[in-house]
Each structure stands twice: as structure tokens, then as C-alpha cells.
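Worksheet: one structure, shown below.
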Amino acid sequence: MKSKKHLLIALLVVMSTTFNSCATAQSSKKQKYKVAVCDWMILKRQKLGSFALASEIKADGIELDMGGLGNRPTFDSKLGDPVERQKFLDKSKETGVGISSIAMSGFYAQSFATREITPMIADCIQAMKNMNVKVAYLPLGTQTDLVKNPELRPEVIKRLRWAGKEVGKIGGVIAIETSLSATEEKKLLDEVGSKYIKSSFNFANAVDNGRDISSELKILGKKYLAQIHASNTDQFWLENDKAIDMPKIKQTLDEMKWSGWLIVERSRDVTQVHNVKANYGANVAYLKRIFQN
């Protein structure tokens with residue numbers, strides 16, 4: 001009788017352990033890909049309301065911008081103020097909406113290659129450190145387009161090497177977005193030679209230049225990929241965009257064994273381009289349906 005009782009207890013323990021292991025595995029699988037939105041694109045640039053709105057449209061996180069740049073010596077940011085910064089951290093905790101990365105969107109229009117960048121990069125890295133965010137997003141925008149301005153390449157490499165050393169001190173990564181093909185961007189990253197400088201891959205760049213997204217991701221490879229801006233230029237919602245084969249992209253990323261943040265920047269329906277909740281809600285829902293189910 002005693003041995004039967006012990007056998008039953010042992011069986012229950014095994015069943016419980018198996019169930020918990022499966023549950024944990026399923027939970028981990030759901031977290032392999034997380035979906036975020038750019039706070040500036042949902043019209044909440046560096047505003048506390050971005051967390052509530054992201055929660056409402058069921059995004060897992062936001063890409064938090066450093067603020068405007070223009071002709072200022074550095075970003076117009078609240079994140080350097082400990083009191084203000086804590087409000088963002090508290091709101092993130094309250095809503096359960098994480099921070100995928102901290103963005104330097106000011107470089108969309110400003111030159112990374114010719115401006116004095118030291119204070120901007122330093123402020124961003126300090127914000128990363130204080131907020132425990134591991135990735136910064138750096139778009140090499142119109143003025144630092146290396147396809148149109150290849151003469152800027154040596155200076156860009158020099159500056160990225162310096163930025164890599166600085167962000168490496170906190171164990172973070174700066175994810176750059178370029179207009180280069182995956183092959184050329186990989187060459188650029190190899191020339192920079194820093195494991196702290198990686199790629200922020202943008203679907204739109206591939207589509208605009210007639211390149212296959214999955215093929216580009218394979219060329220770039222897991223080692224070079226820090227995050228993904230998983231959207232196209234404005235025209236259709238992602239689910240209606242024939243230029244993007246999302247199941248194939250997921251299969252590619254699965255095969256690469258990559259995991260990380262998928263960030264919605266655009267892919268707004270042009271018939272209702274100002275409807276933030278409809279556009280971003282639809283795109284977040286679609287990405288979650290493909291990548292988290």
C-alpha cells in the first residue's frame with residue numbers, strides 16, 4: 001500500500017513537472033518575437049501617453065525617441081532629468097509596455113557624418129544605461145545616405161567605431177539603418193568591426209529597392225541583426241500588402257534562430273492615414289498573429 005502511495009506521488013510530481021516545463025516553453029516561445037511601435041509615429045514622441053496608447057493597441061513595447069534635434073547641440077530630451085525619466089519607467093511598469101529601444105530619429109534629417117555628434121551619442125547612451133535599455137536606433141538618414149553619398153563612408157565608419165566603443169561600455173548596441181543592400185551593409189559593419197554596432201533592418205528599404213526581404217535577412221544573418229522595423233511605406237496595412245510575405249519572413253527568422261523586437265513604423269492605410277489606433281492596431285495585431293501564435 002505504501003509503495004503504491006509513493007508511486008502515485010512520484011507520478012503526480014512527474015506530471016506536474018512536465019506540465020510546468022511545457023507551459024514555460026510555450027511562454028518562452030510567445031516571447032521570442034515582441035511587437036513595438038515608434039512613439040513618434042503614433043504622435044506621442046517622448047510622451048507618457050505613448051505607453052497607454054501602445055497598451056490599448058496591444059503592442060508589447062514602444063521605441064522611445066530621444067526627442068527633436070534640429071540645430072540644437074543635442075536632443076530635446078526629458079530623459080536626462082531623473083524625475084522625468086522615472087515617470088517613464090513607472091508608466092512602463094504600470095502598463096506592462098516595455099521599451100524596445102531608444103531612438104535617435106533626429107538623424108533622419110540631420111547629418112551623422114558632418115555634425116558634432118559627441119553630445120547626442122553620449123546623452124543617448126546615458127539614457128540607455130539609466131533605463132536599462134540595450135538597443136539604440138540610429139537611422140543614417142537623407143544627409144548620410146551612403147548610396148547617394150559614398151564619399152561619406154570613411155567618416156561614418158570612423159564615427160561608428162567611436163560610438164561602438166562608447167555603447168560597449170554599458171553592454172549596449174547601436175542599431176543602424178542604412179539605404180544599403182544587405183550585402184553592402186554587412187560589408188560596412190565588418191569594416192566598422194564592432195560587435196556593438198549592428199543593423200536595424202527595415203522592410204521598406206528592401207521593398208523600395210526591389211529586394212526580397214527574406215533573402216536580405218539571410219544575407220545579413222543573425223549576428224548582424226539587432227532589431228527590425230517591420231513595416232513598409234504608407235499605402236496598405238501589413239496584412240493587405242502583397243509586397244510583404246510575412247509567413248515566409250517568420251520562417252526565415254525562425255531558421256536563423258533570431259529573436260527580438262519587430263517595430264511598426266509605417267504601413268498606414270492612406271485612406272485613413274491619420275487614424276493612429278486603426279492603423280497601428282491593425283499592424284500590431286497582424287504581426288502578433290503571425291509571429292506569436
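Tabulated data
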read-out	value
For region 134-144, 3J(HN,Hα) per residue [Karplus equation, 6.51 cos²θ - 1.76 cosθ + 1.60, θ = phi - 60°, Hz, x = Gly/Pro]	8, 10, 10, 9, 10, x, 8, x, 4, 7, 10
Accessible surface of region 94-166, 1.4 Å probe, proportion on carbon and sulfur as whole %	52 percent
Rough spin-label spacing in nm, given labels placed 7 Å along Cα→Cβ, for residue 52 and residue 243	3.6 nm
Phi-based couplings in Hz for region 281-289 (Karplus 6.51, -1.76, 1.60; Gly and Pro marked x)	x, 5, 5, 5, 4, 5, 4, 5, 5
Computed lengthening from residue 151 to residue 116, 0.36 nm per intervening residue step minus Cα-Cα distance	10.8 nm
Accessible area expressed per residue, the chain, with surrounding protein chains retained (probe 1.4 Å, Å²)	49 Å²
Residues residue 161 and residue 274, FRET efficiency given R0 of 30 Å [Cβ-Cβ distance, rounded to 0.05]	0.15
Cα-Cα over 28 Å, subset of 47/187; 78/169; 129/277; 134/218; 58/250; 93/134	47/187; 129/277
Rounded FRET efficiency, nearest 0.05, which uses the C-beta distance separating residue 235 from residue 256 and R0 of 35 Å	0.80
Identified option (computed Cα Rg over 2.2 N^0.38 Å; candidates (i) 1.40; (ii) 0.94; (iii) 1.11)	(iii)
Long-range amide H partners of residue 37 with built H, under 5 Å	61, 62, 63, 264
In nm, spacing of pseudo-spin labels at residue 218 and residue 190 (7 Å Cα→C-beta vector)	1.9 nm
With every protein chain in place, region 200-293: carbon and sulfur % of accessible area (1.4 Å)	47 percent
Long-range amide H partners of residue 103 with built H, under 5 Å	64, 65, 66, 137
The chain, helix-only ellipticity at 222 nm - DSSP H runs n ≥ 4, -39,500 (n - 2.57), divided by all residues, nearest 500	-14500 deg cm²/dmol
Distance (nanometres) between label positions extended 7 Å along Cα→Cβ at residue 93 and residue 32	3.2 nm
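The values are calculated or read from the model by the stated rules, or taken from the named source; none is laboratory data. Computed from a prediction, not measured in an experiment: that's the story for all the values here. Neighbour counts are summed over all protein chains in view; Cβ atoms, including those assigned to glycine, are modelled from backbone coordinates with ideal geometry. The area values use the complete protein model at the heavy-atom level, side chains included, leaving out ligands, DNA and RNA. Shrake-Rupley method; radii C 1.70, N 1.55, O 1.52, S 1.80 Å.
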